[in-house]
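What follows is a short report on a single structure.
Derivation of every value follows stated rules applied to the coordinates shown; laboratory data play no part. Keep in mind that what you see is a predicted model, and the values were worked out from it rather than measured. Ideal geometry is used to build each Cβ from the backbone, glycine not excepted, and the neighbour counts take in all protein chains shown.
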């Protein structure tokens, strides 16, 4: 269901006013209507009411610097992606903590090494910031396709429809963008 144009305009005005003033009341007014949606999304991923409530507050805290740092066209969609990413990062960090505890309890070095897999790495705020910087360095076509495909979880077909790029180009931009991101992240970590 499409949202009324006046609602969208009000959100844009709140975004501009917050970016100019830094007034948290304005950010709160922007976030408040979406709190139940954010809570529902967190509950879907975290499966725990208390952790989900905590996540809603952590997401609001993330908004304080991130709203100022990003050009936001559609706040609802942007907030959804931010919230989803927050939950996924939280789950990843919990998995990492469980693996670390298991490593400390484990008795043999071979078993412990088998648990330390690249995918279990925890992404801290520094890594996320670096990733965001690396995305910004991509060519505009790669950046658009990477954001849609990975961050907004759009299919190749949806990316093609949104960007109006040929499907082969979309796949190429995603593949090359992914490779460039990897190179950038490795360069940044040296």
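Figures for the structure shown
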{"quantity": "Rounded if a/c under 1.5, otherwise prolate or oblate - the range 124-190, Cα gyration tensor axes", "calculated": "prolate"}
{"quantity": "Inter-centroid distance (Cα atoms) of the range 138-172 relative to the range 55-82, Å", "calculated": "22"}
{"quantity": "Sorted by Cβ density within 10 Å, fewest first, the residues 56, 81", "calculated": "81, 56"}
{"quantity": "Relative contact order (percent, whole number), the range 1-87, Cα cutoff 8 Å, 6+ residue spacing", "calculated": "31"}
